[in-house]
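In what follows, a structure is listed as structure tokens, so that the remarks can point back to it.
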Amino acid sequence: MRSPVAVLLLSLFLLLTVSCCDNVPSGGGADNPGLQRGDTAVSTLVVYMMAENSLAVPYAALDIDEIRRGAVSVPSDCRLFVFVDDRDNPRLLKFVNNSGVCEEKVLYQFADDFCSSDATAFGAVLAGVLDDYPTHSLDLVMWSHGNGWLLDKSRAGAMRTIGVDNGKNNYSDRTERAIEIEELAAVIKELPAKVNRLMFDACFMQGVEVVYALRDAVQWVIGSPAEIPGDGAPYDTVIGEFFVSNGVKGIIDAYKAAYENGEMGVALSAAYMPAMQRLADATYSNVCTYFNTSKKREYIDVFAYLPGGAKGLYGYMPCYYDINAVMKKYLAEPEYVAWKEALDEAVPYVVTTGSWYSAYVGRHLSVDTSVYCGMSVYMPQTTSRYSQLNIDFSNTEWYGAAGWDAAGW
């Protein structure tokens with residue numbers, strides 16, 4: 001007999017005309033000590049790896065090896081799952097800490113490929129897991145390429161995206177589909193478990209446009225406003241931190257520690273969702289006053305995570321300015337002090353190494369610690385190469401909430 005998970009996945013994927021496999025049972029066996037299928041865990045972590053792209057080899061396999069090592073720190077009343085779609089067909093793995101030894105089980109192996117970077121498929125996988133393995137608290141890691149709020153030109157409409165799935169089981173970064181951030185937020189809100197922390201192990205995702213769109217879906221968003229190294233998070237140490245507390249400091253510190261003395265470097269922050277509306281409100285009047293269309297701003301010397309912008313796969317990529325650097329430069333002191341209080345509440349924990357490596361720029365970029373806040377922002381401009389970006393930006397929720405429409409953009 002098929003489990004409820006397999007039935008749910010099969011029905012949803014068939015509705016998408018995506019081919020699902022026959023369920024391959026895990027071979028039975030116990031859940032974590034003290035937990036059985038159907039029992040409610042205290043906490044569950046799901047790592048969702050959209051790796052059907054240039055990250056498949058070697059990074060996906062290396063990170064799964066790290067997860068195996070980190071799994072021995074999962075408490076007996078908690079659970080760890082990994083969904084991975086790489087050059088092989090998608091599969092769902094469960095990692096069990098059995099008296100300090102990691103036991104890995106393939107819960108579901110799909111006979112056919114499907115697009116993992118599709119919001120409905122993502123929701124089906126998560127809902128299926130939680131149907132058989134309920135939990136009081138849920139944490140998510142989204143693993144893939146990312147471009148923040150930028151338009152995915154492989155689909156119609158303004159897409160703020162995470163994930164690359166080329167649909168061909170190879171190394172290509174040509175995406176079949178990507179998950180729009182607003183779609184992601186909508187799916188997460190419908191899950192049968194409340195999401196505490198969402199970590200993006202992908203580039204450029206800690207932008208205010210992305211985070212604001214998730215304000216009602218999760219409690220915390222952890223990510224980088226810049227590029228991250230191909231190795232990504234050190235899962236052997238990060239996994240355990242997800243189960244130590246409900247906070248974010250240990251997770252971020254463990255991530256940073258892996259790059260503290262290396263060559264690549266990393267910039268990370270944690271955003272607190274209940275404070276994002278206050279940040280939007282604090283930004284609104286300042287945008288109208290200091291950044292309306294009559295103000296000619298070029299932002300040449302403002303600290304950015306992609307200085308000068310770059311040509312990306314689907315078009316021009318902006319500079320990803322540091323939001324604090326922009327406001328500190330242009331706001332009058334009283335307005336800046338009040339605005340900074342809202343920022344500090346919204347982004348309460350920030351770390352960085354001295355620099356990080358940018359593949360787009362082709363060199364290491366230094367961190368301006370006098371303004372660095374760990375969150376990027378898009379700034380509309382009048383130059384021709386920003387004209388389409390301005391249009392795309394106008395479709396974000398942050399655009400209206402932060403006053404850009406009222407400022408004439």
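Does the range 280-295 contain at least one residue that is modelled with pLDDT under 95, farther than 28 Å from residue 50 by Cβ and among the basic types (Lys, Arg)?
Among the residues of the range 280-295, at least one is modelled with pLDDT under 95, farther than 28 Å from residue 50 by Cβ and among the basic types (Lys, Arg), which makes the answer yes.
Can you work out which of the residues in the range 53-80 that are of a type in the set (Gly, Ala, Ser) and in a helix (DSSP H, G or I) is nearest to the chain's Cα centre (by Cα)? First the steps, then the outcome.
Pass one, the range 53-80, residues of a type in the set (Gly, Ala, Ser): 54, 56, 60-61, 70-71, 73, 76.
If we keep only those that are in a helix (DSSP H, G or I) as well, we get 56, 60-61, 70-71, 73.
On the way: 56: 17, 60: 16, 61: 19, 70: 20, 71: 21, 73: 23 Å.
Ranking the candidates gives 60 first.
At pLDDT 85 or above, in contact with a helix residue (DSSP H, G or I) (Cβ under 7 Å, 6 or more places away or on another chain) and under 29 Å from residue 243 (Cβ atoms) - does that describe any residue in the range 145-166?
Yes: one or more hits.
Just to be sure before I move on: is residue 219 farther than 27 Å from residue 75 by Cβ, modelled with pLDDT of 95 or more and polar (S, T, N, Q) in the structure I sent? Break it down stepwise before answering.
Working: farther than 27 Å from residue 75 by Cβ: no; modelled with pLDDT of 95 or more: yes; polar (S, T, N, Q): yes.
Judged against the criteria, residue 219 is not a match.
Tell me the residue from 137, 116 that is within 30 Å of residue 397 (Cβ to Cβ) and either surrounded by 23 or more Cβ atoms within 10 Å (Cβ to Cβ) or aromatic (Phe, Trp, Tyr) (or both), please. Don't jump to the end; show me each part of the working.
Values: 137 fails: either surrounded by 23 or more Cβ atoms within 10 Å (Cβ to Cβ) or aromatic (Phe, Trp, Tyr) (or both).
From the options 137, 116, the qualifying one is 116.
Looking at the range 49-62, can you tell me whether even one residue there is touching a Leu at 6+ places or on another chain (Cβ under 9 Å), modelled with pLDDT of 90 or more and open to solvent by less than 50 Å² (accessible area, probe 1.4 Å)?
As a first pass, look at the range 49-62 and keep what is touching a Leu at 6+ places or on another chain (Cβ under 9 Å): 49.
Next cut, modelled with pLDDT of 90 or more only: 49.
Checking the rest, the ones that are also open to solvent by less than 50 Å² (accessible area, probe 1.4 Å) come to 49.
Within the range 49-62, one or more residues are touching a Leu at 6+ places or on another chain (Cβ under 9 Å), modelled with pLDDT of 90 or more and open to solvent by less than 50 Å² (accessible area, probe 1.4 Å).
For the range 322-343, how many residues meet the condition of being open to solvent by 60 Å² or more (accessible area, probe 1.4 Å) and hydrophobic (A, V, I, L, M, F, W, C)? Even if it seems obvious, please write down each step before you answer.
First, the residues of the range 322-343 that are open to solvent by 60 Å² or more (accessible area, probe 1.4 Å): 328-329, 333-335, 337, 341.
Filter once more, so that each one left must be hydrophobic (A, V, I, L, M, F, W, C): 337.
Number of matching residues: 1.
Residue-wise test of (1) open to solvent by 20 Å² or more (accessible area, probe 1.4 Å); (2) aromatic (Phe, Trp, Tyr).
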| residue | (1), (2) |
| --- | --- |
| 345 | yes, no |
| 364 | yes, no |
| 378 | no, yes |
| 387 | yes, no |
| 392 | no, no |
| 399 | yes, yes |
| 404 | no, yes |
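Residue check: is residue 71 at pLDDT 95 or above, under 30 Å from residue 211 (Cβ atoms) and open to solvent by less than 10 Å² (accessible area, probe 1.4 Å)? Spell out the reasoning first.
Details: at pLDDT 95 or above: yes; under 30 Å from residue 211 (Cβ atoms): yes; open to solvent by less than 10 Å² (accessible area, probe 1.4 Å): yes.
Here the answer is yes, as residue 71 does meet what is asked.
Looking for something in contact (Cβ under 8 Å) with a residue 12 or more places away in the chain, farther than 30 Å from residue 58 by Cβ and among the β-branched types (Val, Ile, Thr) - is there at least one such residue anywhere in the range 270-285?
In the first step, residues of the range 270-285 are kept if they are in contact (Cβ under 8 Å) with a residue 12 or more places away in the chain; the result is 270-285.
Checking which are farther than 30 Å from residue 58 by Cβ leaves us with 271-285.
Restricting the remaining residues to those that are among the β-branched types (Val, Ile, Thr) gives 283.
Yes, the range 270-285 has at least one match.
Which residue, of 95, 122, 83, is under 21 Å from residue 36 (Cβ atoms), open to solvent by less than 10 Å² (accessible area, probe 1.4 Å) and either in a loop (DSSP other than H, G, I, E, B) or of a type outside the set (A, V, I, L, M) (or both)?
Values: 122 fails: under 21 Å from residue 36 (Cβ atoms); 83 fails: under 21 Å from residue 36 (Cβ atoms).
Only one candidate qualifies: 95.
Give the residues of the range 233-245 that are in contact (Cβ under 8 Å) with a residue 12 or more places away in the chain and surrounded by fewer than 24 Cβ atoms within 10 Å (Cβ to Cβ), sorted by residue number. If you could, list the steps in order and put the result at the bottom.
At the first step, the residues of the range 233-245 found to be in contact (Cβ under 8 Å) with a residue 12 or more places away in the chain are 233-243.
Passing the criteria: 234, 236, 237, 240, 241, 243.
The values are calculated or read from the model by the stated rules, or taken from the named source; none is laboratory data. Note that the coordinates shown come from a computational prediction; the quantities given were computed from them, not determined experimentally. So basically every Cβ, Gly included, is an ideal-geometry build from the backbone, and we count neighbours across all protein chains shown. Just so you know, the surface numbers come from the protein's heavy atoms only, side chains and all, with ligands and any DNA or RNA stripped out. Shrake-Rupley method; radii C 1.70, N 1.55, O 1.52, S 1.80 Å.
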